[in-house]
Structure formats: C-alpha cells, structure tokens
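Some notes on the structure that comes next.
The values are calculated or read from the model by the stated rules, or taken from the named source; none is laboratory data. Source: prediction; values computed, not measured. When we count neighbours, we look across all protein chains shown, and the Cβ atoms used for this are built from the backbone with ideal geometry, even at glycine.
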Amino acid sequence: MRNKVRIRLLILLLAALHAVVLFAGFFAPYDAKEQDRNLPYAPPTRLHFTGATGFHFRPFVYAEVSDSDGYREDRTREYPLRLFVKGSSYSLLGLFKPDLHLIGVDDPARIMLLGADAFGRDEFSRLLVGGQISLAAGLLATLLTLATAAVVGTVSGLYGGWIDESLMGVSELFLSLPWLYFLLGVRAFLPLHVSPVGTFLLLIGVIGLIGWARPARLVRGVVLSARTRNYIAAARGFGGSDLYLLRRHILPETFGVLLTQAALLVPLYVAAEATLSFFGLGVSEPVPSWGNMLAALQHYSVLVSYGWLLAPAAALVVTSVIYGMLADALHPRRS
Amino acid sequence: MKAIARLTLVVCLCAAMSMASAPAPQPVSQGEELARVDSATGRYGGRLVVGQRSEPKTLNPVTATDAVSREVFERLHADLIEINRATQKTESALAKSWKMSPDGRTFTLKLRKGIRFSDGHPFDADDVVFTFTVYLDEAVSSPQRDLLLIDGKPLTISKLDQYTVRFSLPRPYAAAERLFDSFAILPRHILEKPYHEGKFLQAWPLNAPPTEVVGLGPFRVKQYWPGQRILLERNPYYWKADRENHRLPYLDELVFLFVGTEDAQVMRFEAGETDLINRLSSENYALLSKEQSTTRSQLADLGPSLEYNFLVFNQNDLAGKKLDGIARKQAWFQDQKFRQAVSAAVDRDSIVKLVYGTRGSALWGNVGPGNKMWVNQSIPHPQRSPETARQLLKLAGFTWNASGQLLDRTGQPVEFSIATSTSNAQRMKMATLLQDDLSHLGMQVHVVPLDFRAMIDRVFQSFDYEAAIMGLGGGDADPNPEMNVWLSSGSTHLWRMNEAQPATAWEREIDQLMNEQMITLDYHKRKKLYDRVQQIISEQLPFIFLATPNILAGAKSEVGNFQPALLDHYTLWNVDQIYLRNTESAGVR
C-alpha cells in the first residue's frame with residue numbers, strides 16, 4: 001500500500017516537472033534566444049525584501065550595472081516583482097502565441113533567477129525551454145525504443161527457431177556496441193546543415209534505435225514464459241489466432257516490464273541527448289537544450305567563474321533521480 | 001595506486017633532471033664576433049617550464065608545417081637576419097651586416113666570424129649555401145620554398161669568401177631582408193650526408209639522438225619523453241652576449257610540457273607547474289588576473305594582434321560540383337550590396353565585448369590598429385546600422401514578407417549557414433552573435449560547428465559551405481606574407497579559389513597593386529599602394545571583417561626580461577635573454 005502512495009507521489013512530481021517544461025514560455029520570464037549584450041555572465045538576480053523604503057512583502061530587485069570588476073546592483077531604484085506580466089510572445093503547444101509570463105520586472109531591471117550566459121541570455125528561461133528539447137528527446141526516444149523492443153521481443157519469443165536466433169544475435173551485437181562512440185560516429189555521418197527540428201528528429205532516431213536490444217530481450221523472456229502457460233495452450237486449443245493470443249494474453253504480460261524499462265530509459269536518454277549536444281552534435285544555437293547549455297562549461301574559466309551555469313546539470317540529476325525512484329517503486333526488489 | 005606510482009616516477013625523474021647540470025657557457029674568445037643585446041642583465045641558472053598545447057611533429061625546420069614544431073625548433077636554430085619582435089624591425093643576426101645593391105636585386109651579407117654550432121663546429125658561408133640549397137630543392141618540398149621564388153624564379157646564392165655570401169634576386173623585392181627571418185641555418189657537417197643520400201626528409205625526427213640535432217639557436221636538445229615533454233639545455237657556444245659580455249642564454253634549461261589544451265595550460269600555470277603562458281584567451285586572462293597575487297604572476301596585454309577574424313561567403317565557381325543549393329545562393333553572396341548590408345548589421349562592439357571581454361578591437365579591414373606601420377587610417381569605421389543594412393538590401397532588390405522574413409528577387413527566403421571550427425571557441429561565439437544580428441534583418445542563419453579539418457577541407461577543397469568564420473594573419477606586419485590571400489591566384493584567396501583570371505575588375509586592380517608593392521622599395525610608395533588595396537577590400541568586402549583579439553600573455557613574477565611582443569612567438573622570441581630572478585627556488589622544482 002505504501003508503495004502505491006509512493007508511485008502516485010512520484011508520478012505527480014514528474015507530471016509537475018513536465019508541465020512546467022511544457023509551459024516553459026509562460027514560466028520563463030524572457031525569450032530563451034533574447035540576448036542582452038550588456039549583461040554577459042550576469043550573476044543570478046537577488047530578490048530583496050528590505051531596502052531603502054523599508055520592508056515589503058512583495059520582493060523586489062535592483063538593476064545590474066557592470067563596472068570594471070564585474071556587476072553590482074544599482075540601489076537607487078527598486079523594481080518590484082510583478083505577476084502575470086506581458087512580455088515577448090512565445091509558442092504554446094505550437095498552437096497559440098500568447099505573451100503572458102508568470103513573473104517579470106519593469107525595464108531596465110532584469111530578473112535572471114539563474115543568472116545569464118555568455119550572451120546575456122536568461123539562464124532560467126533557457127533551462128525551462130531547453131528542458132522541452134531534452135525531456136521530449138528522452139520521452140520520444142524511449143517510446144521508439146520500447147516500440148521496437150516490443151515488436152522484436154514478441155516476434156522472437158512467439159515464433160522461436162531461426163527468427164529468434166537471428167534477432168537475438170543482432171541484439172547481442174547492439175548490446176556490445178560502445179554507446180557513446182557509436183553515437184558520435186553515427187551523428188558525424190549525418191548531414192551537417194539540418195534545421196533544428198531535423199536535428200532533433202535525427203537525434204531521437206539515433207538515440208532511440210540504439211537501445212532496443214536489452215528491453216527486447218526482456219520482452220522475449222516474458223513472451224517465452226507466457227507461451228508455455230496452460231491457459232495460452234488452452235486458448236490456442238480453442239482456435240485463438242496468434243494475433244488474438246498476443247493481444248489478449250501475451251502483450252498485457254509484458255506491460256510491467258516495459259513500464260519499468262521506460263522509467264529507466266527516459267533519464268538515460270535525456271542524458272544521452274545532453275551528451276551529444278555537449279559535444280556539439282545535438283540541436284544547435286540558438287535553440288537551447290540542457291546539453292548544449294552545458295557545453296559552455298567545457299571551458300575552464302567559465303566552469304570556475306560562473307557556477308550558476310551548472311543549473312542544467314542539476315536539472316539532469318533531479319530528473320534522473322525522480323525517474324530512478326519511480327523505476328524502483330514500479331519494480332520493487334524482493335529481498 | 002597506479003597514479004601514485006606514476007607520480008613517484010615523475011618526482012624521481014624531476015629530481016634526477018635537476019641534478020644533472022647543464023653545460024656552462026663557453027668563455028668568450030678573442031676572434032668571436034658576438035652580437036650584443038641591450039636588455040637588462042640577468043643571472044645564470046634555472047629551468048623555465050612552458051606548457052604547450054600539443055606535441056611537436058618534428059625538429060626538422062625545413063620540412064615542418066605546424067606551428068607547434070616551430071615553437072620548439074626556433075629555440076634550436078638561428079637566422080641570418082631576424083625581425084626584432086618588439087620593434088618589428090630587422091636586426092643583424094648570423095649576418096653581422098648586409099648591403100642591398102641600388103637596383104634592389106642583390107644582397108651581400110657579411111657573416112659573423114668565429115662563432116660555432118651547438119656541437120662546437122665552426123660556422124661559415126658553406127653552411128649558408130648548403131641551407132638555401134636544401135630549402136630550394138624541389139625534392140625536399142619545404143613549405144617555405146615559395147618564399148624564395150619571385151615570379152616563379154628562385155633566387156640564387158653564391159659564396160664570395162668564407163664569411164661573405166651574395167643573394168641575387170630575379171627582380172627587386174621589397175623588404176627582402178625580412179625573408180631571412182624564417183630560414184633556420186643548418187649545419188652542413190651534420191646534414192650534408194643524409195641530404196646526398198636522399199634521406200633528408202627523415203632527418204631530425206623528435207627522437208633523433210640529441211648529439212645529432214645541431215643548430216645555432218640559444219638551446220640544444222637534451223632529452224625527449226614521447227607524449228610528455230622535451231628538455232632543452234643551454235647551447236654553450238651561442239653567439240649572443242649581454243651588455244657585460246656574458247654569453248647568453250641565462251637559463252640552464254628550457255622544458256616544453258605537452259599539456260593538450262589552453263585550459264590545461266592555464267591549470268598547470270595556476271598550479272605552479274609552468275612558468276609562462278604564450279597566448280591567453282581573454283576569459284583565462286581575466287581568471288588569472290583575479291589570482292595574480294596568489295599565483296605571483298605578471299600578465300601582459302599587448303593590444304590588438306595582427307590576426308583578423310572575418311566572415312567569408314562562398315563565391316567559388318561551383319560548375320560541375322553538384323552543389324546547386326549553394327550555387328543558387330551565390331547570387332546573393334556575389335552581390336556587393338548584400339555583403340555591405342551584412343557588414344552594416346554586424347555589431348562589432350558586442351563581439352569585442354562578449355567574445356574578447358573588451359580585450360580586442362573591432363575590424364573594418366584586413367589591417368588592424370595593431371599594425372601601425374601599414375594600417376590605412378582613412379578607412380571608415382561605420383557604426384552598426386540595421387537601417388543602412390535594410391536600405392542596401394532594398395536597393396539590391398530584396399523584400400520582406402508579412403512575418404519579417406527577407407526574400408530575394410525570386411521570392412526565396414534568405415537562409416544560409418555559417419560554418420565555424422569547434423576548436424575555436426571565440427569564433428563559435430561570433431557565429432552566435434552574427435546569427436542574432438542577421439535575424440533582425442530577416443535572414444535565417446544556421447550555425448554549423450565543424451571539426452577543424454572538415455572545415456578546412458570544405459573551404460579549400462570541396463567548396464561545400466555557404467559562409468564561414470575564419471581567422472588569418474598574425475605572421476609578420478609586412479604586406480608580403482598577405483600576397484597569397486589577396487592575389488587572385490593566391491593559395492588562400494578564400495572567397496574564390498583557384499582563379500585562372502581575376503573574376504572582377506577590382507580583383508584585377510588588387511593583383512596589380514600587390515604585385516607592384518612587392519617590387520617597390522620605397523616605404524612611402526609601398527604604403528600608398530597597400531592603402532589602396534585596403535580601401536578596395538573594405539569597399540568590396542570579400543571578407544566581412546569582425547574583430548581581432550589582443551595578444552595576452554603571462555609569466556611568473558620571477559621571470560626576468562619577460563617582454564612579450566605582438567609578433568609570433570609572442571613570449572619566447574627573446575628566450576636567450578629571459579632569466580629567473582630566484583634561481584634557487586627554480587632549481588629545486
């Protein structure tokens with residue numbers, strides 16, 4: 001019973017995470033591509049409650065000004081945090097073009113909760129919008145993998161014989177591939193001048209088609225054991241076709257395995273997208289993804305000077321931990 | 001465990017290395033015509049450690065093509081006449097004096113008497129003749145051979161007596177004495193045999209026995225550890241002395257550590273493992289200047305370099321290349337107004353600020369403010385103006401649709417890609433800024449990061465690119481090394497390679513001007529010709545010039561006579577005069 005609550009809680013958390021990312025345009029105060037060339041590497045904006053005019057329940061910020069040794073707050077004017085402000089327009093689910101943002105401050109102040117990157121772009125907005133690419137890549141690639149795995153595993157388990165042997169042979173080949181190098185190699189062979197959408201789809205294709213081997217073997221195992229059960233033999237005896245048996249009896253058996261695999265694969269694939277983008281092989285500028293945002297940290301001076309740019313790494317960790325806990329809860333270990 | 005074992009080994013090695021002493025400088029003898037330097041007098045001893053981005057490929061100065069090898073072997077060899085990196089003027093080196101004939105076609109060089117190679121063998125005119133015979137030999141195919149050809153004809157060299165040589169040029173050549181700077185004089189007694197046996201190309205690999213790698217430079221090879229480091233020791237016979245007639249160099253040893261990347265160079269420097277950093281990015285410079293007091297270092301910002309970074313559009317002849325997509329876009333690229341519009345839209349100040357952290361300069365031509373001798377001051381520096389850009393595009397027949405997209409005459413949206421090399425973070429940043437600048441004009445620009453080799457192949461060979469951000473220059477301040485870029489037949493005529501004929505009238509004019517400045521001996525006349533070249537380039541914009549970084553370098557505070565310069569090699573050019581103020585602490589390291 002306790003486990004069920006845990007699963008619900010985790011699913012709720014995941015739903016919240018995905019919802020925030022899905023409606024990134026609304027939660028992000030700025031356009032992820034908008035450069036403020038006066039604020040490169042601006043540190044995270046501090047929220048204040050007390051200032052020259054005393055204590056406020058509504059937090060406020062100061063405008064950042066740069067001088068010879070970095071940034072300081074211009075304390076002459078306070079800019080209260082506003083809710084539901086009009087700002088740059090963004091695309092919502094590809095259907096609407098609203099311009100309403102959850103939070104914002106008046107110009108010339110900027111609210112950069114996680115600071116700015118090298119081009120003065122708001123890191124927080126980029127983190128949310130970048131999550132769209134990263135999480136969508138993870139989810140879609142997982143779907144692709146599991147669909148492939150389900151088909152291969154079922155066919156293999158159901159028909160056996162040479163079909164089984166050859167399919168499993170191929171899966172062994174895929175299991176023995178050195179992942180990262182293979183991905184780098186595959187990406188290098190693809191055309192270089194492709195649109196961000198094209199790159200994104202390629203990325204999903206490459207990541208998704210490479211990991212099908214392990215879940216396929218698991219599905220095959222389930223199908224194999226299901227096939228020998230008495231009720232299946234009975235159903236077959238009553239004249240049930242292969243398709244009927246699959247739909248009615250065998251596929252439902254594989255459902256649990258696929259779900260657990262999904263919870264394991266999503267964070268893995270989110271990380272795979274980040275790895276490829278980190279090496280400059282994923283979606284390219286100015287579209288953010290967690291991986292290409294982290295690529296800036298390849299430079300030592302950036303890594304040691306601008307800690308807030310590590311935010312996408314934190315987001316990756318959080319996502320992986322939640323999915324990992326969910327996988328654990330879905331498939332409790334028997335002690 | 002393995003790491004500890006390795007560390008112990010390194011520590012032992014270092015201890016062993018520091019115990020082995022370098023040879024003492026030979027006492028100065030009567031007949032030796034030493035060169036005197038005028039820098040501050042230093043003290044003998046110590047070892048200078050320099051981090052290098054990668055391992056050199058060879059110690060053979062004739063066949064080397066990479067800059068890293070050059071960094072090392074230039075410390076082992078010397079030239080007849082050298083360019084003083086600080087003053088950018090020529091100075092006597094192995095040739096104590098030279099004379100040009102009035103018609104500018106012959107150079108007579110008097111060599112220093114009584115000086116010796118690093119193995120003690122005396123140096124004379126035979127070595128010089130041998131050296132230039134090798135450099136000019138087609139079978140050796142030295143990358144520097146082209147420099148010795150004028151109008152496709154080689155210069156000739158003859159020995160007048162044991163210490164006099166004469167160079168005859170097929171026609172006058174401006175600033176010809178600057179040429180000698182990059183030709184290392186070879187020891188005939190060592191290399192003549194392999195040369196006659198046809199084995200010259202294999203001579204002097206990195207693992208050659210140190211006794212065989214002989215030169216006239218301030219240092220000679222002591223030991224080489226593949227993949228790790230190369231250790232040089234003092235050349236006890238070196239031909240320069242300080243003000244007090246002490247033979248240079250001051251340093252006992254010079255070590256090049258192969259560390260990999262610029263970031264690794266910085267980390268090693270911070271950790272105190274290296275003493276000197278040759279070229280820093282502005283970000284690393286800012287980082288090191290914050291830690292200046294704790295790392296006890298001296299940093300130098302020398303102002304704008306001679307390098308120029310630019311955007312180039314592919315205007316190559318693509319007939320028979322199966323690149324129809326690119327060929328269609330060339331209608332825009334070949335339109336001067338289109339290029340001018342792009343140039344007007346570029347926010348150069350932001351490039352300087354965001355890419356170089358204000359340690360750089362905006363560029364509007366191929367010669368930047370760092371090259372005071374040759375820059376054309378009258379070239380206009382227009383501020384960024386999207387309005388001007390829009391007007392120019394309108395004049396050229398471009399229109400905008402309802403959503404602000406730029407369309408060409410045929411109604412096609414203007415969309416192209418900019419290739420950059422992943423190995424250069426600064427140019428990648430420029431591409432992102434340009435992408436944003438041009439999006440305000442309604443152009444859709446994709447940034448394509450490419451591996452350096454893939455990029456070079458596309459730009460020089462396959463022409464399978466639309467636009468690219470690249471950098472050139474930085475060798476010498478003189479216009480002559482720029483010939484291969486601006487002559488329509490030049491090997492680096494990037495926007496339109498392999499031209500049989502100049503494709504445009506202005507390219508023809510540049511050809512004439514460049515060829516004329518090459519044979520004009522008077523500086524003011526040459527300057528006038530080169531000013532005109534710069535003017536044509538800034539109007540026609542075969543390259544959209546962006547910015548140039550400052551030369552930034554750093555060294556520990558105990559490094560004396562640290563005088564970095566704008567010309568390559570920025571910090572080690574005067575390594576014979578560099579010394580360590582506190583040699584005891586340097587020795588135990």
Every residue in segment A:74-97 that is of a type outside the set (S, T, N, Q), exposed (fewer than 13 other Cβ atoms within 10 Å of the Cβ) and touching a residue at least 60 places away in the same chain (Cβ under 8 Å), please. A:L93
Out of (1) touching a residue at least 24 places away in the same chain (Cβ under 8 Å); (2) outside any strand (DSSP E or B), what's the single condition that is false for A:A147? (1)
Would you check which residues across segment A:295-315 are more than 14 Å from every other protein chain (Cβ to nearest Cβ) and surrounded by fewer than 21 Cβ atoms within 10 Å (Cβ to Cβ) and list them? A:W308, A:L310, A:A313, A:A314
Looking only at segment A:275-294, count how many residues are away from chain B (no Cβ under 14 Å) and modelled with pLDDT under 90. 1
Counting just the residues of segment B:273-288 that are at pLDDT 90 or above and more than 10 Å from chain A (Cβ to nearest Cβ), which one comes out farthest from the chain's Cα centre (by Cα)? B:E273
What's the total number of residues in segment B:295-311 that are assigned to a loop (DSSP other than H, G, I, E, B) and either among the small types (G, A, S) or modelled with pLDDT under 90 (or both)? 2
Taking segment B:427-445 and keeping only residues that are touching a residue at least 24 places away in the same chain (Cβ under 8 Å), over 20 Å from B:Q340 (Cα atoms) and in contact with a strand residue (DSSP E or B) (Cβ under 7 Å, 6 or more places away or on another chain), one is left with B:R427
Unmet criterion (only one of (1) surrounded by fewer than 20 Cβ atoms within 10 Å (Cβ to Cβ); (2) over 30 Å from A:A226 (Cα atoms); (3) away from every other protein chain (no Cβ under 14 Å)) for A:F124: (1)
Taking the conditions exactly as written (within 14 Å of another protein chain (Cβ to nearest Cβ) and among the aromatic types (F, W, Y)), does A:Y244 satisfy them or not? no
Quick check on this structure: which one of A:A327, A:A235, A:A272, A:A315 is over 30 Å from B:L288 (Cβ atoms), touching a His at 6+ places or on another chain (Cβ under 7 Å) and hydrophobic (A, V, I, L, M, F, W, C)? A:A235
Which of the following residues is outside the structural domain of A:S66 (by TED's automatic domain parsing), in contact with a Phe, Trp or Tyr (Cβ under 7 Å, 6 or more places away or on another chain) and modelled with pLDDT of 90 or more: A:L135, A:L140, A:L128? A:L128
Taking strands (runs of 3 or more DSSP E) that fall entirely within segment A:25-130, which contain at least 2 residues that are touching a His at 6+ places or on another chain (Cβ under 9 Å)? A:48-51, A:54-67, A:70-80, A:82-86
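Scan B:D324, B:D347 and give me the residue that is surrounded by 19 or more Cβ atoms within 10 Å (Cβ to Cβ) and of a type in the set (D, E).
Residue meeting the stated conditions: B:D347.
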In the set A:V266, A:V270, A:V257, A:V318, which member is in the same structural domain as A:G131 (by TED's automatic domain parsing), in a helix (DSSP H, G or I), closer than 30 Å to A:V5 by Cβ and touching a Pro at 6+ places or on another chain (Cβ under 9 Å)? A:V257
Can you pull out every residue in segment B:332-361 that is more than 14 Å from every other protein chain (Cβ to nearest Cβ) and among the charged types (D, E, K, R)? B:D335, B:K337, B:R339
Quick check: is even one residue across segment A:158-166 surrounded by fewer than 19 Cβ atoms within 10 Å (Cβ to Cβ), modelled with pLDDT under 90, touching a strand residue (DSSP E or B) at 6+ places or on another chain (Cβ under 7 Å) and more than 30 Å from A:V302 (Cα to Cα)? no
Inside segment B:75-92, can you point out the residues that are of a type in the set (A, V, I, L, M) and not in a loop (DSSP other than H, G, I, E, B)? B:I81, B:I83
Within segment B:242-272, work out how many residues are within 11 Å of another protein chain (Cβ to nearest Cβ) and part of a loop (DSSP other than H, G, I, E, B). 1
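Per-residue answers, yes or no, for (1) exposed (fewer than 12 other Cβ atoms within 10 Å of the Cβ); (2) under 23 Å from B:L433 (Cβ atoms); (3) touching a residue at least 12 places away in the same chain (Cβ under 8 Å):
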{"residue": "A:R8", "(1), (2), (3)": "yes, no, no"}
{"residue": "A:H18", "(1), (2), (3)": "no, no, yes"}
{"residue": "A:D36", "(1), (2), (3)": "no, yes, yes"}
{"residue": "A:F49", "(1), (2), (3)": "yes, no, no"}
Within segment B:347-358, identify whether any single residue is part of a loop (DSSP other than H, G, I, E, B) and under 24 Å from the mean Cα position of the chain (by Cα), and answer yes or no. yes
I'd like to check something: does segment B:362-370 contain any residue that is out of contact with any Leu (no Cβ under 9 Å at 6 or more places or on another chain) and more than 14 Å from every other protein chain (Cβ to nearest Cβ)? yes
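Yes/no per residue for (1) within 24 Å of the chain's Cα centre (by Cα); (2) part of a helix (DSSP H, G or I); (3) under 27 Å from B:S97 (Cβ atoms):
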| position | (1), (2), (3) |
| --- | --- |
| B:D126 | no, yes, yes |
| B:T131 | yes, yes, yes |
| B:V134 | yes, yes, yes |
| B:I157 | no, no, yes |
| B:V165 | no, no, yes |
| B:Y173 | yes, no, yes |
| B:H189 | no, yes, yes |
| B:G198 | no, no, no |
| B:P205 | yes, no, no |
Any chance you could count how many residues in segment A:231-272 are under 30 Å from A:L294 (Cβ atoms) and surrounded by fewer than 17 Cβ atoms within 10 Å (Cβ to Cβ)? 1
Applying the selection to segment B:493-513, what residues are in contact (Cβ under 8 Å) with a residue 12 or more places away in the chain, outside any loop (DSSP other than H, G, I, E, B) and among the aliphatic types (A, V, I, L, M)? B:I510, B:L513
